[in-house]
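Let me begin by presenting the structure, written as structure tokens, before commenting on it.
The values are calculated or read from the model by the stated rules, or taken from the named source; none is laboratory data. Fair warning: this is a prediction, and the values are worked out from it, not measured in the lab. Every residue, glycine as well, gets a Cβ built from its backbone with ideal geometry; the counts of neighbours run over all protein chains shown. Remember, those area values only see protein heavy atoms, side chains included, never the ligands or the DNA or RNA. Shrake-Rupley method; radii C 1.70, N 1.55, O 1.52, S 1.80 Å.
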Amino acid sequence: NDKDDGVRLAAVSSLSTMYTKLSDYRSSVEAFTLRFEARFLQLCMDVSGPVASEAIALLGVLVDNELVALKSVQPLYTLLIDDTASIRQAMAKLVYALSVRADKPGSGSAKKKAKKPDHKELEQLLKVLGDLYELSEDPADVVNCVVDAMWDITSCLSSWETLTELVLDDNSKYDDTQISILLHVISAAAQKAAGKR
């Protein structure tokens, strides 16, 4: 809770290192994590971009180690549209790892009709965008921010085949809002690919 950004950053970095080496002392940190979980979540909205970015990375480690529930982190997905680029980028990496990545643990690869990774990732990204879309006065701006943040993280945004397949699918399971989001994604991705964003 120090006023100095450098001290807060060092503290969060130290926590990240500690939790990364968790197998040595997991049982002794569970109570500590539970006690300070709310503070870890607050640090993601720190006034210092580097502190917030490091705190977001820490949350990823905590969720991976099953010390913080995914549902506690999901409200922070709004940071995908934060004004600070480093925070958007850090949150994009976390959102990708927790909610978008096609090969994430428990995603089940033995389905009858296995979907291509880009197709699965795009569907997951559309779900995340759907939640953010409802919170904004300018939905197109939300999509632009998220596409910018996720561009280098997932190939689904530059898979024109996947993007057009979802739009042209006659048996589409998407409603009008979801189709609108998808069209905004295609527009933002085209602008990004052309170097206009």
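Computed over the chain, the per-residue total of -39500 (n - 2.57) for DSSP H runs of n ≥ 4 gives a 222 nm mean residue ellipticity of -19500 deg cm²/dmol, rounded to 500. Here region 11-73 is treated as an ellipsoid with the same Cα gyration tensor; its semi-axes, largest first and in whole Å, are 18, 13, 10.
Rolling a 1.4 Å probe over the protein heavy atoms of the chain, with every protein chain left in place, gives an accessible area that is 51 percent carbon and sulfur.
Of the peptides 21-28, 58-65, 45-52, 71-78, the order by per-residue mean of other Cβ atoms within 10 Å, starting with the highest, comes out as 58-65, 45-52, 71-78, 21-28. Taken per residue, the accessible surface of region 1-72 reaches 58 Å², heavy atoms only and a 1.4 Å probe.
With contacts taken as Cα pairs under 8 Å and at least 6 residues apart, the chain reaches a relative contact order of 16 percent. Relative protection proxy for 149-159, 128-138, from highest mean packing down: 149-159, 128-138 (other beta-carbon atoms within 10 angstrom). Within the shell defined by Cβ-Cβ distances under 11 Å, the residues around residue 67 carry a net charge of -3, with Lys and Arg each +1 and Asp and Glu each -1. Here is the list for region 1-91: GluC sites (Glu not before Pro) lying in DSSP coil, each with at most 16 other C-beta atoms within 10 angstrom of its C-beta, are 66.
Our analysis of region 112-197 gives Rg over Rh at 0.94, with the two radii drawn from alpha carbon positions and Rh computed by the Kirkwood formula. Between residue 152 and residue 168, the simple spin-label model (points 7 angstrom out along Cα→Cβ) gives 3.2 nm. Convex hull volume of the C-alpha atoms in region 127-169, normalised per residue: 81 Å³. Taking all pairs of distinct Cα atoms, average 1/r, flip it, and tell me the Kirkwood hydrodynamic radius of the chain in Å to one decimal place. Here the Kirkwood hydrodynamic radius works out to 18.0 Å.
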